[in-house]
Amino acid sequence: MLLEQIPISTVPLPLMLLDHEARVTGCNVQAQEVIGQSSRRLIGQHVSEIFSPQSEMERLFANLDAEGASSHGMRLNESAMPVSFHLGLHQDGMTAVFVPEAYRIEVEQQSRRHEMAEAVARIALEMAHEVKNPLAALRGAAQWLSEQDISVPAREAVDQMLHGVDRIRDRIDAFLQVGPRAASQMEMTNIHALIQDVIQYREGVHVERVFDPSLPETLVYPPRFRQALENVWQNALDAADKHIEWQTRMAPLVHLPQHQGQVIEIRITNDGQTVPEHMREHLFEPYITGKERGSGLGLALVERVMIEHGGRVSARFEHGRTSMILHLPLLTEEA
C-alpha cells in the first residue's frame, strides 16, 4: 500500500512528510510531541534544522534509494535526544520516521519480556502434567496413612509429609497462574468498578482516584483482569509510604501491536521506596522480588494477563515515585 493512501495520523511512530528539498510539509501528532513543536512551526523547516549532525544527514541523503536509508546516529537539535532515523521516498518527496532511542530500547525490552512470558507459560504447562498428578497420588497415600492406627512418631512424620505436599501444591498453583489460559468469555466491563473492588484501605495510606469519567466500558475477562489489578494494588500498598494514586485516561499516542483502535491507560503510583536499579530490567520476570516474603510471581502474572488481553504493562521510576502502567486495547463486542 502506498504511503499516500495511509493517513499519517494512523502511523504509530513519529513521522514527517518532506518535499524534494527536504522541507517539512506535514507531520503527525507523535512527531510534534517528540520534537516539542507544533505542526505550524515545523512546516517549512528544513530537516537539518531539526536533526543533526549535518554530516550524518548528508550521508543519509547520499545513500537514499528505493529501499530508503537509516541511521542510529542522529539527535534532535533542541533536546539532544538520540533517535533512530529512517528516510524513505514517495511520489511527492520523502518520509522521515524517527524513534527516540529510549522508546526503541523499551520496545526491545517489551519484546524480550513477552518471549520470557511465553517460555514460562510452556514450563507451567509441562509442570502441570509432570508434577500435579503424582503429587496428588502422594498426598492421597499420605492421607490414607494418617487415618490408620499408627504410632505417635509415625503420625507426626505423616503430618509433616501432608504439610510439605500441600506447600508444594500451593507453589505449583501459584506458578500456574502465569501460564496460558484457555479462551475465556470476554465481557463488557467498567474498569473503574473493577479498580474500586480491589482497593482495600490501610491506615496511614491515602488513596486518591483520578478517573476519566468519560472512559467507556471495554471487553475483558473480569476474573483474570481483576487478578492483575489486585497484584499491582498489593504491590503499591506494600511499597507505599503515605500515598497511592490510581489514574485512568485514554492514551491517544500509545500504539499496541495488532490493535488499530484506542488504548486505555491505567496507572497506579505510590510514594514509597523505589525499586533498586539492578532489579528494574527484570521486574516482570518470575521469582524476581525485593520483598522478604514475596513469591516473585505477582508482576509476572500481571504481564501474562496483559498479554492475554492484547495489552502491556510497564514501570516508571521518577521523582521518588513508582508507577505501574497498564495499557489495554479498547474493544467493543462488535470488535
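Throughout, read-outs are computed from the coordinates displayed, never taken from laboratory work. Note that the structure is predicted; figures quoted are calculated from it, not measured. Cβ atoms come from the backbone with ideal geometry, glycine included; neighbour counts cover every protein chain shown.
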Only counting other Cβ atoms within 10 Å, I'd like 144, 233 sorted with the fewest neighbours first. 144, 233
In order through the range 47-63: 3J(HN,Hα) via Karplus (6.51 cos²θ - 1.76 cosθ + 1.60), integer Hz, x for Gly, Pro: 4, 6, 6, 9, 10, 8, x, 4, 4, 5, 5, 5, 5, 4, 5, 5, 9
Per-bin percent of Cα-Cα distances, the range 187-329 [5 Å]: 2, 9, 20, 24, 22, 15, 7, 2, 0
If I model a spin label at residue 273 and residue 247 as a point 7 Å from the Cα along the Cα→Cβ vector, what separation in nanometres do I get? 2.5
Using r as the Cβ-Cβ distance of residue 33 and residue 317, and R0 as 22 Å, what FRET efficiency do you calculate, to the nearest 0.05? 0.55
Order by neighbour count: 18, 135, fewest other Cβ atoms within 10 Å first, most last. 135, 18
Multiplying the sequence separation of residue 145 and residue 64 by 0.36 nm and subtracting their Cα-Cα distance, what value in nm do you get? 21.3 nm
For the pair residue 196/residue 91, report the inter-label distance in nm, with labels modelled 7 Å from Cα in the Cβ direction. 5.3
Neighbour counts of other C-beta atoms within 10 Å: give me 158, 313 arranged from fewest to most. 158, 313
Hey, for a label at residue 78 modelled as a point 7 Å past Cα toward Cβ, could you say which residues of the range 35-68 have their backbone N under 13 Å away? 35-43, 45, 49-51
Under 5 Å between amide hydrogens, which residues at least 5 positions from residue 271 or on another chain qualify, with H placed 1.01 Å from N in the peptide plane? 241, 242, 243
A chain fully extended from residue 137 to residue 185 at 0.36 nm per residue, minus the present Cα-Cα distance, gains in nm 14.0 nm
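Tell me, rounded to the nearest percent, the portion of alpha carbon pairs in the range 3-101 spaced more than 17 Å apart.
Everything past 17 Å amounts to 44 percent.
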